[in-house]
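Peer 1: Could you have a look at this structure, given as structure tokens, before my questions?
Derivation of every value follows stated rules applied to the coordinates shown; laboratory data play no part. Quantities reported herein were computed from a predicted structural model and do not represent experimental measurements. Cβ placement follows ideal geometry from the backbone for every residue including glycine, while neighbour counts extend to all protein chains displayed.
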Amino acid sequence: MTRASQPPAVAAYALLADGTTVRVRPVAPADHAAVLRFYEHMSAENLRLRFFSAGTLVARQAADALCRDAGPGDRAVVAEATGEVVGLAEYHAAPVAGEASAEVALAVADEWHHRGVATLLLEHLVDLARTEGIKELTADALAENLPVIRVFADLGLPVRRCFEGPEVHVRVALTPDEQYLTALDTRGRTADVASLRPLLRPRSVAVVGAGHRPGSVGRAILRNLRAAGFAGPLYVVNPHGPALDGLPCHPSVAELPEAPDLAVLAVPPRLVPSVAEECGVRGVRALLVVTSGLDREQATALRAACRTHGMRMAGPNCLGLANTEKDVRLDATFAAGFPLPGTAGVATQSGGVGIALLDGLSRLGIGVSTFVSLGDKYDVSGNDLLQWWEEDGRTDLAVLHVESFGNPRAFSRTARRVSKHMPVLTVDAGRSEAGRRAAASHTAAAATPTMTRQALFHQAGVIATRSIGELLDAIALLHSQPLPAGNRVVVVGNAGGVGVLAADACSEAGLDVRPLEPALAADLAAVLPSGAAVGNPVDTTAAVSEEQLRACLGLLAAHRDVDAVLGVLVPTALAAATGDDPVRAFTDAGERPRCTTALVLVDRPTRVALLPVERGGAVPVYADPQDAARALSYAATHARWRAQPQSMPLEPSGVDTEGARADVAGWLRERPEGGWLYPVQCARLLDRYGIPQVAWEWVCDEDTAVAAAGRLAGPAGRVVLKAHWPGLVHKTREGAVRLDLQGEDQVRAAYRDLASRFGDRLSGVVVQPQAPHVLELVAGVVQDEVFGPLVLFGQGGTATDVLADHAARLAPLTTYGVDDLIATPRCSALLSGRHGGTPVDLGALERLLLCVSRMACDLPQLAEADLNPVVPCPDGVMALDARIRLEPRQAYDPYLRRLR
């Protein structure tokens, strides 16, 4: 078997530990000369450690075997840079002790040692081996070869070593677990941050395309770079003049006195590919492409230049980027002015949104640590920036505006890790299109893009607001106040009407505005003026003095049942006459405990601002109670998410994964185009995962239907007939269901009616016992092309079309994820059996959802599964109907290190 005839592995670019880009791809027969050259350039010592001997014959034999003599279990990948092989990894699979095992070997060019080449190649081999069912990798090495032994030890997978004289035998179990993913995270973050330094902390910058016209984009960027006081050398590339803004012009990138770290491209679209290629050849390490309007060919060439030469890129079609660090002072944007230095990291796809956020953060006094306009996002993404902010030592708020996701699974994992240490906020844009979609009773249609995106944000701990205004409201609170311990809020106002409005706003935002404990109410009454109302809201009356209000706030802040205080103040003549300022009661913290505090000043002209507190910090001040209440709600939700312990995926027992994969593979071999499974095949697949189903039989004539009905009718004596044909989605809408059938005559009549109505389309009929009228639920999964498997749960039956009461979470479901999924739909209030309903066994429902989640993760070919309805039964829950659609699709590991 030749290398060319092996199942293909996907070529990908990836980052080494020092930020260098390499291309990882399968070995092909045409690589013989390159592989031989790779071995021949290795030192004798390196060859000895790899092959246990050295010499030119060893190198040639190895190249011959690798490129020509591949067996069915042989796989090999290379890492190449600038067209040369710099590393190689291979395995040969053979059954050992009844389990699939493969022997692996690694080699790295001498000058590329200690840069992570071997580890990266091994990660890609692990991914390839898993897809082929290999459970273990083995390797033999000389005991003195400590670097390669450490590569295996540091991989993050379970490793066993056995020393036998001068050799060591290594066994690596390919069991995917959190430890391995964490190791991948760490290596990926190290490489990513290193690769971004030339982009975000460049030592030198060249502006290519800065024109003499004052209004040109390149000229504006050049002026901003100079005005900000960029700390390093600044070059101008312009062939049409000797100087620009006091800087000498160079005719081309090739003629610059040095290769700059960062090149800003502001040239016409037709020139972008050639200029990018010239930058790569010159040794430029990063590109910022502000040019818009690239066609497909130009875009492909730009990407190719960046990957070939290892340049990271922001853009194209972007506003630029900035770093306010005092030793950098980089403003490579064409915005109106240098951002206020601060602690918020900002990344946006929209330049307009970026300008609005920069302005809002400056107005609030929070400022920016790093700003990147992602534009069309050919390379650098929000995921990259999250990892940068996690490590930069300056950022304490991450603010994103992303309209698309290249790798949402990797983003979710990174955001979940970062959110545990700093708030990650975004604007959930694009809701209206999804909102206009009609609800549908099958999972793929019900799982709208909005639902999918919101599931991603929810699970990752990302605070997703609905507008830029709400985003800034939340930022102001999170920047200035501690996270609340819960969602219990006390409203304090000096006028009854505005206090009531604020309490309404809090309740509508999901906050708990409960009555005060009697002892606390008595204490408040003792310090407030007579006539004050000490419920919740607390009406201090307009006569309250500054000192009385301060005492009131101190009591509330110290009480165990108060998580946050929302003050609502209106200006009064009484305060003006006495010289008291009730606002000072909020901004003079005194010695009272730290308590989440927000303030509404109804006469304030601006939406939100920060008032400094006497002893440090600030209090957010809003013009409207609803803005303040929503900001508090976002903070309380984030605090609750952050307080959850680490949630691990749950693995249901009794699952036959290998059998399910074999069933799916066999079905797709017969139907390579994919499609809907027949009921018998659906039932078999659900049985593989222990998903309970109602008893049923498949019939194709009325006599068989009558006999089946006699067996299935049960104590109620009633059955259901459901017509089936390939592609049928809405049985009820098509009139393909007959309910409450009793006795032979009714069953015969119903079968004849279905046969007459649907004629040749009818492939068969399902007979089931009539279920009692109980709460009907829906559970399902859909494979999103971008987001991966999504598990959906909510109200089922025919009501699902009308009410659209669903929630969704990305698979695999975790400890808290499955509980949260069950509790999120509105119908969850009925699961306990209140209001006369039948209670649902929550443990059984949880297990069903976990089995659906596992099925989705095991089978990438599972395009859609729809269990509707799912109903309570004496033994737990069961599915009354199931529909499953398969598509030919390969497994894809979203966490494997590779660039887009």
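Peer 1: Scanning the chain for helices, which whole DSSP H stretches are 30 Å or more long along the axis (Cα) and average 1.6 or more by Kyte-Doolittle?
Peer 2: Values: long enough: 178-200 (31 Å, -0.22).
The answer is none, since no helix passes both cut-offs.
Peer 1: Using a basic spin-label model with each label point 7 Å from the Cα along Cα→Cβ, how many nm lie between Thr131 and Ala231?
Peer 2: The answer from the label model is 4.4 nm.
Peer 1: Could you compute the FRET efficiency for Val281 and Thr175, with r as their C-beta to C-beta distance and R0 at 35 Å, rounded to 0.05? Intermediate values should be presented prior to the final figure.
Peer 2: Details: r = 45 Å, r/R0 = 1.28.
For Val281 and Thr175, the calculated efficiency is 0.20.
Peer 1: Moving on to the next point. When a footprinting reagent is the concern and you count Cβ atoms within 10 Å, what order do Glu277, Glu258 take, fewest first?
Peer 2: In increasing order of surrounding Cβ atoms, one gets Glu258, Glu277.
Peer 1: Let's test the formula: R0 of 41 Å, r as the Cβ-Cβ distance of Arg900 and His773. What FRET efficiency results, to the nearest 0.05?
Peer 2: Working: r = 51 Å, r/R0 = 1.25.
Efficiency computed from Cβ-Cβ geometry: 0.20.
Peer 1: With no solvent and one equal point scatterer per Cα, compute the Debye intensity ratio I(q)/I(0) for the range 478-643 at 0.09, 0.13 Å⁻¹ and report its log10, rounded to two decimals.
Peer 2: -0.25, -0.54
Peer 1: So if I restrict to the alpha-carbon atoms in the range 745-900, what is the Rg, and what is Dmax, the biggest pairwise distance, in Å?
Peer 2: Using the Cα atoms of the range 745-900, the pair Rg, Dmax is 18.1, 66 Å.
Peer 1: Sort Val289, Val284, Val58 by Cβ crowding within 10 Å, fewest neighbours at the top. Can you show the working numbers first?
Peer 2: Working: Val289 29, Val284 26, Val58 17.
Neighbour counts put them in this order, fewest first: Val58, Val284, Val289.
Peer 1: Still on this model: Cβ under 12 Å from Arg748's Cβ, Arg748 left aside: what net charge do those residues give with Lys, Arg +1 and Asp, Glu -1? Provide the component values of the computation, followed by the final result.
Peer 2: On the way: positive: Arg738, Arg752; negative: Asp701, Glu702, Asp703, Glu744, Asp745, Asp753.
After counting each charged neighbour, the total is -4.
Peer 1: Under a crude label model (7 Å from the Cα following the beta-carbon direction), how far is Asp295 from Glu167 in nanometres?
Peer 2: 6.0
Peer 1: Could you work out the mean projected area of the convex hull around the alpha carbons of the chain, in square nanometres to one decimal?
Peer 2: Values: hull surface 186.1 nm².
Average projection, Cα convex hull of the chain: 46.5 nm².
Peer 1: If all Cα-Cα distances of the range 3-176 are sorted into 10 Å bins from 0 onward, what percent lands in each bin, rounded to whole numbers?
Peer 2: Spelled out bin by bin, the range 3-176 gives 10, 40, 41, 10, 0 percent.
Peer 1: Let me ask something else about it. Going by a ≥ b ≥ c, the root eigenvalues of the Cα gyration tensor, does the range 113-163 fall in the rounded group (a/c under 1.5), the prolate group (a/b larger than b/c) or the oblate group? Don't skip to the answer; put the middle values down first.
Peer 2: On the way: a/c = 2.27, a/b = 1.31, b/c = 1.73.
Oblate is the answer for the range 113-163, as a/c is 1.5 or above yet b/c matches or exceeds a/b.
Peer 1: Defining a contact as two alpha carbons under 8 Å apart and six or more residues distant in sequence, what relative contact order in percent does the range 272-314 show?
Peer 2: Working: 41 pairs, mean separation 24.9, N = 43.
Result for the range 272-314 is 58 percent.
Peer 1: Hey, what did the chain get for relative contact order, percent, Cα under 8 Å, at least 6 apart? Let's see the in-between values first.
Peer 2: Details: 1870 pairs, mean separation 72.6, N = 900.
With pairs under 8 Å counted, the relative contact order is 8 percent.
Peer 1: What residues have an amide H closer than 5 Å to that of Val600, excluding those fewer than 5 places away on the same chain, when H is modeled at 1.01 Å from N in the peptide plane?
Peer 2: Gly567, Val568, Leu569, Tyr622
Peer 1: If you split all Cα-Cα distances of the range 695-770 into 5 Å bins from zero, what percentages do you get per bin, shortest first?
Peer 2: Taking all Cα pairs of the range 695-770, the binned fractions are 3, 19, 32, 26, 14, 5, 1 percent.
Peer 1: Hey, another quick one. Rank the residues Asp392, Asp588 as a footprinting-exposure proxy: fewest other Cβ atoms within 10 Å of their Cβ go first.
Peer 2: On the way: Asp392 18, Asp588 15.
Fewest-to-most ranking of Asp392, Asp588: Asp588, Asp392.
Peer 1: At R0 = 41 Å, how high is the FRET efficiency between Asp561 and Ala194 if r is their beta carbon distance? Nearest 0.05 is fine. Spell out each step's value before the answer.
Peer 2: Working: r = 49 Å, r/R0 = 1.20.
It comes to 0.25.
Peer 1: Follow-up. Could you point to the residue in Gln742, Leu374, Ser216 farthest towards the positive end of the chain's charge dipole, with +1 and -1 charges on the Cβ of Lys/Arg and Asp/Glu respectively?
Peer 2: Toward the positive end, the furthest listed residue is Ser216.
Peer 1: OK, next. In the P(r) worked out for the range 219-330, what percent of Cα pairs fall beyond 18 Å?
Peer 2: Numbers: 3080 of 6216 pairs.
That tail contains 50 percent of the Cα-Cα pairs.
Peer 1: Further, regarding this structure: Under 16 Å Cα-Cα from Lys731, which lysines qualify once same-chain neighbours fewer than 8 residues away are excluded?
Peer 2: Lys722
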